[in-house]
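Just so it is clear, none of the values below were taken in a lab; they were calculated from the coordinates. Just so we're clear, the structure is a prediction, and the values are computed from it rather than from any experiment. Methodologically, a virtual Cβ is constructed for each residue, glycine included, from the backbone with ideal geometry; neighbour enumeration extends over all protein chains shown.
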Amino acid sequence: MPFRPLATIVLLLLCLCSTANGQTAPPADEDTIFLVAHPSFRDAGYFHTVLIAAPIPNGGHIGVILNRPTNRSLVSFFPEHEPSKKVAEPVRYGGPFSPGALVAVVKSESSPGAGTLPLMKDLYIAFRAATIDKVIETMPNDARYFVGYVGWRPGELKREIDRGLWSVLNANRETVFMKDTSSLWEEMLAQTRRVTAELK
């Protein structure tokens, strides 16, 4: 499979995932959030988007855009890779970081392999090519596949939220795996407005 994550991603993950015992504890479920772009957030890359974002050990955050499906199937990227034909959902645009890299968000009770970070309990984001290959071969439809991702340096996401660029909702696995995300932004925006009204 020639469509590989960039070396810089692997180096980043090696730094992020290194702990005393080599393991990274998953964030608490309430630490992983959905970000709903404010209607006035006109950046072309994030206009009307919904993202999942989770904290990472260096104090930053990492995530992907959930509602930007492409018109490409996984097998169209890897025509010689037979297991890719089993993936039913289209590849999605995950974000502007390393847009030539394939990443996967995987439902799994344990880490699917090296080069992964936990997003929340039983949900991981995988960057390493060998791990993504294994996911495609063994549980192809227990994952969503993205080109690119989004990352924030320590404190950066908080500043964006404070500026009003994003509204925040608690994340859940079911939404990550929705088949039709065409109205997800509108639904999430309405939900954030209900929450805001209830807090007043």
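Key figures for this structure:
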read-out	value
Interchain or long-range residues, amide H under 5 Å from residue 49's placed H	37
Computed FRET value (nearest 0.05) for residue 163 with residue 76, which takes r as the C-beta separation and R₀ as 45 Å	0.75
Relative exposure of 192, 32, 138, judged by other C-beta atoms within 10 Å (fewest first)	138, 192, 32
Sparse-neighbour loop sites [GluC sites (Glu not before Pro); the stretch 29-118; at most 15 other C-beta within 10 Å; DSSP]	80, 109
Lysines with Cα under 18 Å of residue 121, excluding same-chain neighbours fewer than 8 positions away	107
Added length on full extension, which subtracts the Cα-Cα distance from 0.36 nm per residue, residue 156 to residue 137	3.2 nm
In the stretch 138-197, GluC sites (Glu not before Pro) in a DSSP loop with at most 12 other beta-carbon atoms within 10 Å	none
Label-point separation in nm, residue 110 to residue 48, each point 7 Å along Cα→Cβ	4.3
Förster radius 22 Å - calculated FRET efficiency between residue 177 and residue 85 (Cβ-Cβ, nearest 0.05)	0.65
Integer Hz, Karplus 6.51/-1.76/1.60 couplings in order for the stretch 157-170, x for Gly and Pro	5, 4, 5, 5, 5, 4, 6, x, 6, 10, 9, 10, 10, 5
